[in-house]
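Worksheet: one structure, shown below.
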Amino acid sequence: MRPGLRLLSLALLVLAAMGQAMMVQLPQSALDANAELIVSGTVTGTESRWNNDNSSIYTYVTLAVDKVDKGTADQAVTVRVPGGEVGDVGMAVEDMPVFQIGDRVTLWLVSREGNLELLDGMQSVTQPTDARPLAYYSYSGYHRDPASCNYYTYSGLPSGWAGAIQAGGVTWSTAGSAFRFNYLGTTSASGTVYDGQNVVSRGSLSNGILAQNTYWYNRATKHVVENDIVFNTLYQWSTSGAPGYYDVQNIGTHEMGHCLVLNDLYKSYHSELTMYGYGATGETKKQTLEAGDIQGIKVIYGTGLLRANLRPTAVD
Ligand SMILES: [Zn+2]
């Protein structure tokens, strides 16, 4: 075993900031093998910009490199990460970490479209110490106001998908909080596009990502104004929990939790929660919410029951 790789395999899977993911958990050996560049260093700068057609925001993260475990790198490298904040608009992408100046990180990188990018989102980042709060739900203040999400499904989804996705919405709407999903039918829109429509569709995403929820929000209020969910066509899907296939309702219920906005959980003791950030074939346990998931949305949105009980008392 080579010393460099041994060190990598022992690196703690401690992750930066507020990324969110529904991912296939890749072995460390796969990350090591597939990365073109593995570097450690300190974040010295971040700059967020709209892309050319103003449909997405990317953040360019500068890392001062002090260690190279694979490949060759200059003293500073720039990594393109989907998401960021420009003007009044913020775009957050599930599974993508948000870096801050001073963060000490090790990154597993590949070259895509002329940019260095994270090989596999949050799984491609480790930090020296564990800074994540040990909560049974994770909430960063981003939420919907009013407490509802009116959404569409892409008209090109396979048979049965829209029903499976709606079932996920109903699960959240009937869990005891004031939050409601409202299904508006199908749309020809798909993918991740800032267009004012909340759309569930499918498309090609990076290897390792099962599905991804991107949300746009107002920076000042943290009010979420749009969510787009994309299921990855790279994987085999089923609407019946079939062995060997990923279940649409299972993963869909998890993804819709990000519309609320609950964040992913990664600790092994969170593995029964719907918001656990890893999924498996044949799995259906995310279709039903656990206590931590329900506690999370009640804290964010309050309980509908409580609101009903606030009727004025009759005065004789
Ligand atoms: Zn997730």
Notebook entry, point to check: Assuming TYR154 fulfils every condition listed in (1) surrounded by fewer than 20 Cβ atoms within 10 Å (Cβ to Cβ); (2) touching a strand residue (DSSP E or B) at 6+ places or on another chain (Cβ under 9 Å) apart from one, which condition is it?
Noted result: (1)
Note to self: Show the residue pairs meeting these rules: Cβ distance below 6 Å; 6+ apart or different chains; first residue within the range 88-101 and more than 15 Å from TYR58 (Cβ to Cβ); second residue within 16 Å of the ligand (Cβ to nearest atom).
What the structure shows: GLU94/GLN20; GLU94/ALA21; GLU94/GLN212; GLU94/ASN213; GLU94/HIS258
Notebook entry, point to check: Could you give every pair whose Cβ atoms fall below 6 Å, whose first residue belongs to the range 13-40 and is under 18 Å from VAL110 (Cβ atoms) and more than 16 Å from the ligand (Cβ to nearest atom), and whose second residue is modelled with pLDDT of 50 or more and acidic (Asp, Glu), counting only separations of at least 6 or pairs across chains?
Noted result: ILE38/ASP69
Check: Could we say that GLY163 is more than 20 Å from the chain's Cα centre (by Cα) and more than 28 Å from ILE57 (Cα to Cα) here?
Finding: yes
Notebook entry, point to check: Restricting attention to the range 46-60, and to residues there that are surrounded by fewer than 16 Cβ atoms within 10 Å (Cβ to Cβ) and of a type outside the set (S, T, N, Q), which single residue is modelled with the lowest pLDDT?
Noted result: ASP53
Check: Within the set of pairs 6 or more residues apart or between chains, which connect a residue that is on the phi > 0 side of the Ramachandran plot inside the range 201-214 to a residue that is modelled with pLDDT under 95 and within 16 Å of the ligand (Cβ to nearest atom) with Cβ atoms less than 7 Å apart?
Finding: GLY208/MET23; GLY208/VAL24; GLY208/LEU26; GLY208/ASP120; GLY208/GLN123
Next item on the list: Check the range 236-244 and report whether any residue there is at pLDDT below 95 and in contact with a Gly (Cβ under 8 Å, 6 or more places away or on another chain).
Entry: no
Item checked: Members of the range 96-120 found to be part of a loop (DSSP other than H, G, I, E, B) and over 23 Å from TYR278 (Cβ atoms), listed by number -> GLN100, ILE101, GLY102, ASP103, GLU113, GLY114
Check: In the set LEU265, LEU234, which member is in contact with a Ser or Thr (Cβ under 8 Å, 6 or more places away or on another chain), on the phi < 0 side of the Ramachandran plot, touching a residue at least 12 places away in the same chain (Cβ under 8 Å) and surrounded by fewer than 24 Cβ atoms within 10 Å (Cβ to Cβ)?
Finding: LEU234
Checklist line | Residue check, LEU26 at pLDDT 90 or above, under 21 Å from LYS267 (Cβ atoms) and in contact with a helix residue (DSSP H, G or I) (Cβ under 7 Å, 6 or more places away or on another chain) | finding: no
Note to self: I need every pair where a residue in the range 175-190 that is touching a residue at least 12 places away in the same chain (Cβ under 8 Å) has its Cβ under 7 Å from the Cβ of a residue that is among the aliphatic types (A, V, I, L, M) and surrounded by fewer than 16 Cβ atoms within 10 Å (Cβ to Cβ), sequence separation at least 6 or different chains.
What the structure shows: GLY176/LEU305
Check: Within the range 228-253, how many residues are over 25 Å from SER55 (Cα atoms) and within 16 Å of the ligand (Cβ to nearest atom)?
Finding: 8
Next item on the list: List the number of the failed condition for ILE101; all other conditions in (1) among the hydrophobic types (A, V, I, L, M, F, W, C); (2) crowded, with 21+ Cβ neighbours inside 10 Å; (3) within 30 Å of ILE38 (Cβ to Cβ) hold.
Entry: (2)
Next item on the list: Can you confirm whether the range 251-269 contains a residue that is at pLDDT 95 or above, over 24 Å from VAL98 (Cβ atoms) and not charged (D, E, K, R)?
Entry: yes
Margin query: Being of a type outside the set (Ser, Thr, Tyr) and more than 11 Å from the ligand (Cβ to nearest atom) is the requirement here; does GLN212 meet it?
Written below: no
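The values are calculated or read from the model by the stated rules, or taken from the named source; none is laboratory data. Remember, predicted model here, so these are calculated numbers, not experimental data. Ideal geometry is used to build each Cβ from the backbone, glycine not excepted, and the neighbour counts take in all protein chains shown.
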